[in-house]
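These notes are about the structure you will find just below.
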Amino acid sequence: MSQLFTVTEGQGRPLVVLHGWGMNQRVWQPIRARLLQQAQVTWVDLPGHGRSSALKLGQLEAVVEQLIPIIPDGAVLMGWSLGGIIAQALAQRLPQQVSALMLIATTPRFVVAEDWPYALSAEVLQEFADNLAQDYTATVKRFFALQFMGVRSDPAALQALRDQILQEPASLAALEDGLAILGSADCRPTPVKQPCLWILGRLDKLIPSSLALGLQTLHYPAEQIVVLPKAAHLPFVTHPDEFMNLVEDFMHAL
């Protein structure tokens, strides 16, 4: 059976980094060197993604089961987008093992509900699923472009990063499973008890910045929630210095 592809490097507090839908660990390239100055980092290609593409992603519980063996004692989890939902599920499952979380452009619940307006409409998510069935590559490229909409950025650098990620694409089955997780996961009933840092982008088209209010209704302290005014869905790519300043402060305070 194929194994989950991970790379562990650096020294210090263990940090496990989980990417988002359709991506792989290459997405962290803009902050890789600086993150390694802070921790011993385990970079993960989620099941069905990158060099773990032979594995099945499955439902959220199945992803958690596959990741449990790589989570060290005292680990800090950094999860972006879909990776943030998985990080929350891991923290709920491993309360003694996971010491803290950094949750980037992510949410306890991705789609709107009557009691949860701080989210994406189910119709938009369904549109991604429909488009995926028709044109896999174009849908992933569109999704990538959507994450930078309205943000000042270097188009050539973004295209190079996108092309690098797409050299090792996610499997179609994993993309479908990932959308199913985003459409159904709800971490609100058992909010994470460990210290958290939530980093949101005011210009994010996928995770509305009003989520900052929603998180406070779940009793996450306001001081743990930061909205970057000029960032969108990928703050660590477009605003790496601002992003890493927050990460370093949080890691030092633990």
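The values are calculated or read from the model by the stated rules, or taken from the named source; none is laboratory data. If you're wondering where the values come from, they're calculated on a predicted model, not measured in any experiment. Cβ sites come from the backbone with ideal geometry, for glycine too, and all protein chains shown count toward neighbours. These area figures cover heavy atoms from the full protein model, side chains too; ligands, DNA and RNA do not enter into them. Shrake-Rupley method; radii C 1.70, N 1.55, O 1.52, S 1.80 Å.
Using alpha-carbon pairs under 8 Å, 6+ residues apart, how would you state the relative contact order of region 70-167 in percent?
Taking the mean separation of contacting Cα pairs over the length of region 70-167, I get 19 percent.
In debye, nearest 20: dipole of the chain around its Cα centre with unit charges on the Cβ of K, R (+) and D, E (-)?
So the dipole magnitude of the chain works out to roughly 360 debye.
Placing one identical point scatterer on every Cα of the chain and ignoring solvent, what is log10 I(q)/I(0) from the Debye formula at q = 0.09, 0.15, 0.17 Å⁻¹?
One equal scatterer on each Cα of the chain leads to -0.34, -1.06, -1.46.
If we sort 91-104, 137-150, 187-200, 154-167 on the protection proxy, mean other Cβ atoms within 10 Å, highest first, what's the order? Present the calculation step by step, with values, prior to reporting the outcome.
Values: 91-104: 19.8, 137-150: 15.9, 187-200: 18.1, 154-167: 13.7.
Top to bottom by mean Cβ count within 10 Å: 91-104, 187-200, 137-150, 154-167.
For n ≥ 4 DSSP H runs only, could you compute -39500 (n - 2.57) per run for the chain, divide by its residues and tell me the 222 nm figure to the nearest 500?
Helix-only estimate at 222 nm: -11500 deg cm²/dmol.
Take every DSSP beta bridge whose two residues both sit in region 11-141, then give the antiparallel share in percent to the nearest 5.
Taking every DSSP beta bridge with both residues in region 11-141, the antiparallel ones total about 5 percent.
Using Cα pairs closer than 8 Å and at least 6 residues apart in sequence, work out the relative contact order for the chain, in percent. Before the final figure, lay out the partial values.
Numbers: 488 pairs, mean separation 58.1, N = 254.
Relative contact order of the chain: 23 percent.
Based on alpha-carbon centroids, what's the gap between region 126-164 and region 207-254 in Å, whole number please?
Computed from Cα coordinates, the inter-centre distance equals 23 Å.
Find how much the distance from Asp135 to Gln194 grows on full extension, using 0.36 nm per residue of separation minus their present alpha carbon separation; answer in nm with one decimal.
Gain in length upon complete extension: 17.2 nm.
Which percent, to the nearest 5, of DSSP beta bridges fully inside the chain are antiparallel?
Values: 6 of 29 bridges.
Given both bridge residues lie in the chain, the antiparallel proportion sits at roughly 20 percent.
Starting from the Cα-Cα distance between Glu65 and Leu36, subtract it from 0.36 nm times their residue separation and give me the gain in nm to one decimal.
So the chain would gain 7.8 nm between Glu65 and Leu36.
What's the whole-number percent of alpha carbon pairs in region 115-228 lying beyond 21 angstrom?
Roughly 50 percent, once rounded to a whole number.
Ignoring ligands, DNA and RNA, how do Leu36, Leu57 rank by accessible area with a 1.4 Å probe, largest first?
From most accessible down to least: Leu36, Leu57.
Any lysines with Cα under 16 Å of the Lys230 Cα? List them, leaving off those in the same chain fewer than 8 positions away.
Lys205
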